[in-house]
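Written below as structure tokens is the structure these notes are about.
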Amino acid sequence: MKNEPVIAIAGVTGAVGAEFIATMDRRKFPVRKLKALASARSAGRTLDFRGMRIVVEELSERSFDGVDIALFSAGGAIARKFAPVAVKAGAVVVDNSSAFRMDPNVPLVIPEVNARRIRDHKGIIANPNCAAITALVPLWPIHQLNRIKRVIIATYQAASGAGAAAMAELVHSTRAHLDGEAFKPKVMPHPYAFNLFSHNTAIDPETGYNDEETKVIGETRKIFEDERIAVGVTCVRVPVLRAHSEAITFECERPISEADVRDILSRAPGVRIVDDRSKNYFPMPVDASGQDEVLVGRIRKDLSDPSGHSVSMFVAADQLLKGAALNAIQIAELLPERAMA
Ligand SMILES: NC(=O)c1ccc[n+]([C@@H]2O[C@H](COP(=O)([O-])OP(=O)(O)OC[C@H]3O[C@@H](n4cnc5c(N)ncnc54)[C@H](OP(=O)(O)O)[C@@H]3O)[C@@H](O)[C@H]2O)c1
């Protein structure tokens with residue numbers, strides 16, 4: 001229809017790009033025209049969208065002419081180069097990379113937490129880190145009612161968080177391992193099959209924290225607009241194909257019970273409680289895969305804090321969806337450009 005926006009996806013052939021297409025379709029996102037953009041390697045490939053055959057084009061300076069909303073999932077370097085080009089051409093950019101997340105002029109948005117920040121944008125809105133989104137969707141409604149002073153997170157991050165090539169490497173290296181064949185990792189820094197390792201982002205030699213952990217700390221403070229919240233985090237890559245899991249313990253300013261947390265989360269947007277002690281059934285990445293909600297379970301008092309201010313829980317979420325494509329589409333759904341005049 002004439003009033004529907006023209007959408008561009010930069011990085012359409014990647015793991016997140018594929019989910020942009022599927023999520024827009026599933027949520028009936030209005031699209032007048034879709035521009036599918038990737039590197040020269042993919043130019044000429046075709047994909048189906050709502051019965052239309054779309055030809056992938058090489059991303060260039062002219063790609064955003066006439067585009068209303070540009071969804072970026074092509075990495076930080078591409079975002080830094082092309083997001084300003086898209087803005088100059090009149091598009092609003094929702095970027096999945098870390099390029100602009102900590103820029104004070106760029107809103108960093110999880111719609112369930114700070115949708116109101118969308119209106120502050122000056123052309124670019126950043127989608128937060130996927131490990132941060134997974135933790136913050138359930139922590140936010142608790143934080144609003146009883147401020148969280150301190151949170152400790154340990155992540156169990158899937159291959160899909162590192163893109164399509166990392167997923168393929170997990171599959172191929174697992175097959176090679178089972179067949180007794182040698183496999184030389186190309187995407188990950190260490191053997192991935194039947195192994196796990198500290199997150200594959202760069203380590204700061206001074207602090208010992210890797211980039212993923214630093215992102216979770218900084219982004220939590222920015223999204224919660226709370227510079228005082230203390231965040232401790234350990235990020236680990238596990239040999240799971242899709243969906244991140246996290247063990248989370250948080251300490252509130254006032255006492256909080258397991259029942260309080262269960263009650264708050266039972267009403268929280270974007271959260272589904274999966275917490276069946278009788279069946280030992282709790283959030284798992286296989287159950288979170290393909291789901292929009294963050295699954296939350298193992299909700300229990302933190303026995304290391306006898307003051308009653310701390311609770312532990314275990315969460316799992318599809319980081320290609322809520323951690324990336326779905327969150328970005330939710331942001332786009334709130335833009336006035338969604339219904340162009
Ligand atoms: N995976 C996740 O769960 C997740 C979550 C949150 C944020 N993100 C962020 O989203 C971005 C993409 O992640 P991904 O997992 O989808 O990675 P991916 O599967 O490796 O896909 C990367 C995409 O970027 C495109 N690209 C690479 N170099 C390009 C270039 N020079 N010009 C134009 N396009 C280029 C690729 O096109 P070709 O196929 O042509 O190479 C592909 O479409 C990254 O910034 C990542 O940090 C990912």
Practice task
State the percentage of accessible surface on region 205-318 attributable to carbon and sulfur atoms; use a 1.4 Å probe and exclude ligands, DNA and RNA.
Solution key: 51
Practice task
Taking amide H positions as placed in the peptide plane 1.01 Å from N, state which residues far from Arg32 in sequence (5 or more) or on other chains have amide H under 5 Å from it.
Solution key: Val6, Ile7
Fill in the blank from the handout: When the charge dipole of region 208-300 is computed with +1 on Lys and Arg Cβ and -1 on Asp and Glu Cβ about the Cα centre, the Cα farthest towards its positive end, among Ile264, Gln291, Tyr209, belongs to Gln291
Problem - Binned Cα-Cα distance frequencies in region 91-151 - 5 Å width, integer % - result: 4, 18, 26, 23, 16, 9, 3, 0
Fill in the blank from the handout: Any residue on another chain or 5+ positions along whose placed amide H is under 5 Å from the amide H of Val294 is listed here as Val271, Arg272
Fill in the blank from the handout: For the chain, the per residue accessible area (1.4 Å probe, Å²) is 45
Exercise for the section: Measure off 7 Å from each Cα along the Cα-to-Cβ vector at Asp276 and Phe197, then give the distance between these two points in nanometres to one decimal. Expected result: 3.7
Exercise for the section: Rank by packing, highest mean first: peptides 28-38, 221-231, with packing defined as the count of other Cβ atoms within 10 Å averaged across residues. Expected result: 28-38, 221-231
Problem - Contour minus Cα-Cα distance for Val171 and Leu334 (0.36 nm per residue) - result: 55.0 nm
Exercise for the section: Would you please give the FRET efficiency between Thr46 and Ala182, computed as 1/(1 + (r/R0)^6) with r the Cβ-Cβ distance and R0 = 41 Å, to the nearest 0.05? Expected result: 0.65
Practice task
Arrange the peptides 156-168, 308-320, 48-60 so that the one whose residues have, on average, the most other Cβ atoms within 10 Å appears first.
Solution key: 308-320, 156-168, 48-60
Completion exercise
By the C-alpha gyration tensor axes a ≥ b ≥ c (rounded if a/c is under 1.5, else prolate when a/b exceeds b/c, else oblate), the shape of region 157-302 is oblate
Exercise for the section: When a/c is below 1.5 the answer is rounded, else prolate if a/b is larger than b/c, else oblate, so apply that to region 227-341 with a ≥ b ≥ c taken from the square roots of the Cα gyration tensor eigenvalues. Expected result: prolate
Problem - All aspartates and glutamates inside 13 Å of Lys184 as judged from Cα atoms, apart from same-chain residues fewer than 8 positions distant - result: Glu169
Practice task
Report ³J(HN,Hα) in whole Hz for each residue of region 161-176, in order, from the Karplus equation J = 6.51 cos²θ - 1.76 cosθ + 1.60 where θ = phi - 60°; Gly and Pro get x.
Solution key: x, 9, x, 4, 5, 5, 4, 4, 5, 5, 5, 5, 6, 5, 5, 4
Problem - Entries in Lys33/Lys122; Lys35/Lys186; Lys215/Lys279; Lys222/Lys279; Lys122/Lys215 that, when Cα-Cα distance is taken, lie over 27 Å - result: Lys35/Lys186; Lys215/Lys279; Lys222/Lys279
Exercise for the section: Read phi for every residue in region 262-267 and hand back ³J(HN,Hα) as whole Hz from Karplus 6.51 cos²θ - 1.76 cosθ + 1.60, θ = phi - 60°, with x for Gly and Pro. Expected result: 4, 5, 4, 6, 5, 10
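If the chain between Gln291 and Asp211 were fully stretched, how many nm would it gain, using 0.36 nm times the residue separation less the Cα-Cα distance?
26.1 nm
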Completion exercise
Kirkwood Rh over alpha-carbon pairs of the chain plugged into Stokes-Einstein at 10 °C, 1.306 mPa s gives a D in µm²/s of 76
Practice task
Could you order peptides 174-184, 328-338 by the average number of other Cβ atoms within 10 Å of their residues, highest first?
Solution key: 328-338, 174-184
Problem - Whole-Hz ³J(HN,Hα) from phi, Karplus 6.51 cos²θ - 1.76 cosθ + 1.60, for region 60-66, glycine and proline x - result: 8, 4, 9, 5, 9, 4, x
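The values are calculated or read from the model by the stated rules, or taken from the named source; none is laboratory data. Computed from a predicted structure; not experimentally measured. For neighbour counting, all protein chains shown are included, and Cβ atoms are generated from backbone atoms with ideal geometry for every residue, glycine included. Note: accessible area is taken over every heavy atom of the protein model, side chains too, but ligands, DNA and RNA are not part of it. Shrake-Rupley method; radii C 1.70, N 1.55, O 1.52, S 1.80 Å.
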